[in-house]
Amino acid sequence: MGESIKSIYKPTNPQKYQGDSRNIICRSSWERAFCRYCDLNDNILRWASEEFSIPYLSPKDNRVHRYYPDYLIEVKEKDGKVKKYIVEVKPFRQTQLPKKPDRVTKTYINEMTTYAVNQAKWKAAEEFCLDNGVEFKIITEHELGIKSYGRGKSNKVRTKTNKPARRKGR
């Protein structure tokens, strides 16, 4: 996922934020980009980040846990109607079933566990949305306009507006 730099987002339009606008925590550069989008987009009427939880049954331990969706947004659609969305920001690869390698590795087991937990969370979110007239969306680097290169911890992230830094001596 984008750089894993935890930061606090300071909104330009704090009146749009539903919660404590002085404590909007971004867990990655991708979440920070989405916060900025919500804050500055006139069609986003209200938004919140990790301000509520949804219970889900974890496949890891078969116990109920709390899932805090990344965002709840209220959007004025093109037709003028107002619609609510629960939005989760995730790397595209975490939304896909991992390919089984010839030899099962710790990496593969971790990827499968992450995938299974995400699926359980998202199933609970979809059920919550159906019950509450909200739509669930998963936003990846594709929707954010971010290109990822490489795999795992060494991902280099580049947005449409910047280029990767050049190494010295090249």
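Odds and ends about this structure:
- Sequence-distant residues sharing a close amide H with R46 (under 5 Å, placed H): E74
- Cα gyration tensor, the range 100-144 - rounded (a/c under 1.5), prolate or oblate: oblate
- Karplus 3J(HN,Hα) series, Hz, for the range 100-108 with 6.51 cos²θ - 1.76 cosθ + 1.60 (x for Gly, Pro): 6, x, 4, 10, 5, 10, 4, 4, 4
- For K76, net neighbour charge (Lys/Arg +1, Asp/Glu -1) across residues whose Cβ lies under 14 Å away: +2
- Restricting the range 49-94 to chymotrypsin sites (Phe, Trp or Tyr not before Pro) in coil, as DSSP defines it, with at most 14 other Cβ within 10 Å: F52
- Local electrostatic count at R22 - Lys and Arg +1, Asp and Glu -1, tallied over other residues with Cβ under 15 Å: -2
- Note, ³J(HN,Hα) from phi for the range 24-39, Karplus 6.51, -1.76, 1.60, rounded to Hz, x at Gly and Pro: 8, 8, 10, 9, 7, 5, 5, 5, 4, 4, 6, 4, 4, 4, 4, 5
- Exceeding the 28 Å Cα-Cα cut-off - candidates K60/K90; K76/K137; K10/K99; K10/K106; K106/K137; K6/K100: K10/K99; K10/K106; K106/K137; K6/K100
- Stretchable slack from T113 to L130, in nm (0.36 nm times residue separation minus alpha-carbon distance): 3.5 nm
- Near-label residues of the range 67-109 by backbone N, under 13 Å of a point 7 Å along Cα→Cβ of R46: 72-76, 82-85
- For the range 138-144, backbone phi angles converted through the Karplus equation (6.51, -1.76, 1.60; θ = phi - 60°) give residue-by-residue couplings of 10, 10, 10, 4, 5, 6, 7 Hz, Gly and Pro being listed as x.
- The range 63-133, accessible surface, carbon-and-sulfur percent (1.4 angstrom probe): 50 percent
The values are calculated or read from the model by the stated rules, or taken from the named source; none is laboratory data. Keep in mind that this is a model prediction, so the values were computed, not measured. Quick reminder, even Gly has a Cβ in these numbers, built from the backbone with ideal geometry, and neighbours come from all protein chains shown. The accessibility values were calculated without ligands, DNA or RNA, using every heavy atom of the protein model including side chains. Shrake-Rupley method; radii C 1.70, N 1.55, O 1.52, S 1.80 Å.
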